[in-house]
1. Sort out for me the strands (runs of 3 or more DSSP E) sitting completely within the range 191-284 that have 1 or more residues that are modelled with pLDDT of 95 or more and surrounded by fewer than 16 Cβ atoms within 10 Å (Cβ to Cβ).
2. With the structure loaded, tell me whether GLY113 is touching a Cys at 6+ places or on another chain (Cβ under 7 Å), in a helix (DSSP H, G or I) and either at pLDDT 95 or above or not small (Gly, Ala, Ser) (or both) or whether it fails that test.
3. Could you list, in sequence order, all residues of the range 352-394 that are in contact with a Gly (Cβ under 8 Å, 6 or more places away or on another chain) and on the phi > 0 side of the Ramachandran plot?
4. Any residue in the range 176-199 that's touching a residue at least 60 places away in the same chain (Cβ under 8 Å): show its pairings with residues that are assigned to a loop (DSSP other than H, G, I, E, B) and of a type in the set (D, E, K, R) at Cβ separation under 8 Å, as long as the two are six or more apart or on different chains.
5. Can you tell me which residue in the range 1-36 is modelled with the lowest pLDDT, limited to those that are of a type in the set (A, V, I, L, M, F, W, C) and touching a helix residue (DSSP H, G or I) at 6+ places or on another chain (Cβ under 6 Å)?
6. I'd like to know if the range 367-378 contains one or more residues that are touching a strand residue (DSSP E or B) at 6+ places or on another chain (Cβ under 6 Å), touching a residue at least 60 places away in the same chain (Cβ under 8 Å) and in a helix (DSSP H, G or I).
7. Would you confirm whether any residue within the range 414-427 is modelled with pLDDT of 95 or more and in a helix (DSSP H, G or I)?
8. Give me the residue from the range 449-464 that is out of contact with any Pro (no Cβ under 9 Å at 6 or more places or on another chain) and not in a helix (DSSP H, G or I) and, out of that set, farthest from ALA290 (Cα to Cα).
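The values are calculated or read from the model by the stated rules, or taken from the named source; none is laboratory data. These figures come from a predicted structure and were not determined experimentally. Don't worry about glycine lacking a Cβ; one is built from the backbone with ideal geometry, like all the others, and counts go over all protein chains shown.
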Amino acid sequence: MRRRELLKALPLLMAPAVARAETRPLRFIPNANLSAIDPIWTTALVAQEHGYLVFDTLYGIDATSQLRPQMCAGHELSDDKLTWTFTLRDGLMFHDGEKVLAKDCVTSLRRWGSRDSFGQVLMAATNDIVVIDDRRFQIRLKKPFSQMLYGLGARNCFMMPERMATTPSSEQVKEAVGSGPYRFLPDEWVSGAHAGYARFDRYVPRQEPPSFYAGGKVAKFERIEWIVQPDEATAAAALQKGEVDWVEQPLIDLCPMLKRSPDVVVKVIDPFGWQPILQLNHLHPPFNNAKLRLALLPAIDQKVFVASVIGDQSDLGRLPAGYFCEGQPMASHAGLEVLTKPRSLEVAKELVTKSGYAGEKVVMLSPSDRPVYSQMAQVARELFLKLGLNVDFQPMDWGTLISRRTSRSAVDQGGWSTFTTALDGMTINNPGSNFALRGSGEKAWFGWPDDPKLESLRAAWFEAPDLKAQKAITEQVQLEALQTVPYIPLGQIFQPTAFRSNIQGHVNGPFALFWSVHRT
């Protein structure tokens, strides 16, 4: 009998210890400095991670690619498929104590739709978005839009208070007040140093297991502290010593050493991987010359670029890779012969000469604090020099590069020609979400390619009646992109993350997601 009583009491005896453990903050080293807190205004990965901590979405995509209600209790679709009526679930509240209302969502949708490449297509198909009452709103369409829930659940469509969402999408919001599981602590944010988040005790998670962006987002730490540490060796040492709990993107070269460290786990939790790319500026010489862009392709060796990052850890790379996420339904190898047949510097050099290239400066931006991008930039620099291009190599921190890449000025007036970056697998999952494949000129992503045919094919993908038709159009998109070269895909890599062995509950995703994570 006494044993039974003891067993009943065990949870109570253990509870204070668990509580004390959970009050210790999770100390996290993000992949980059948080230089902007508006995840609608910027596509920077670190801002999206911040976004999923602070904000919530109407729907969420799960690990099986199903779209599930998140802030919404559900929706109704009219028989003519032109009116979507959404109902918010009970208990939604912003961090400032105000209830989440339909008007907040309507304003947030309009702001997101004016900025996001997927949202822009939705807005073009929309007659109006209207409030019905405090918990319901409607999206009234001009024509059916079958990708509605994908846009709301997979495209970082964050809901903000109306006062914030009225800010033009071309401007950053000045505060980060959401309705997500953690509150942003503005007084603790020092760009380049650290940021702080606290559990939002009035957040009501869904009563479902977490899965990717969907399900129950249970905050299990009272505080999360982001610590910016651009030196990879210092970050790895801090993890080994237990000074930090989680290093989001350890230098891949250091992963074998970290795997041998006691109490450290190295693991890939992103099932989609990343596509490193070489982005080209279509506005100014020399890459406003389509013939020069094409001339690069016979010399681009994806194996060399990927190897510069993963070394002999071949399980962390996949080749070849086109413009869409390998391993996913839209992946295609159509036209990839131009990147997979034997590489030839001589052929590329001849094409460079025939293109009319006249020695114009190539300003190459390289993020010194992002090893993956920096290593690939070094490979690109060496290749360009071999091809006879006049390279002006400019290292800078990632925050500066993010700002610099917005410049449309000529290279001699502070502009740029090319930079290396990477697109997450969710972004390049299809033609609708791959914002870097837009051909809309000055409305396109940085580089601003102008390709009406690419835009027309993208629009056709949204209209495709089924998966087979979507895949056929996706192949045409890739063939067109390989002719106009909005950017050059450099392969696929799977970036491991590293954490203390007592940190568990990680949810698979394209970047760090903090709900469900706990300390044992």
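1. Counting at least 1 such residues, we get 264-267.
2. Considered against the rule, which asks whether it is touching a Cys at 6+ places or on another chain (Cβ under 7 Å), in a helix (DSSP H, G or I) and either at pLDDT 95 or above or not small (Gly, Ala, Ser) (or both), GLY113 comes out as no.
3. None - no residue of the range 352-394 is in contact with a Gly (Cβ under 8 Å, 6 or more places away or on another chain) and on the phi > 0 side of the Ramachandran plot, so the list stays empty.
4. So the pair list comes out as ALA176/ASP38; VAL177/ASP96; GLY180/LYS217; PRO181/LYS217.
5. Kept after step one, since they are of a type in the set (A, V, I, L, M, F, W, C), are these residues of the range 1-36: 1, 6-7, 9-10, 12-15, 17-19, 21, 26, 28-29, 32, 34, 36.
After this cut, where a residue has to be touching a helix residue (DSSP H, G or I) at 6+ places or on another chain (Cβ under 6 Å) as well, the list is 29, 32, 34, 36.
Numbers: ILE29: 98, ALA32: 88, LEU34: 94, ALA36: 93.
So, considering only residues that are of a type in the set (A, V, I, L, M, F, W, C) and touching a helix residue (DSSP H, G or I) at 6+ places or on another chain (Cβ under 6 Å), the one modelled with the lowest pLDDT is ALA32.
6. yes
7. The answer is no; no qualifying residue exists.
8. That would be ALA464.
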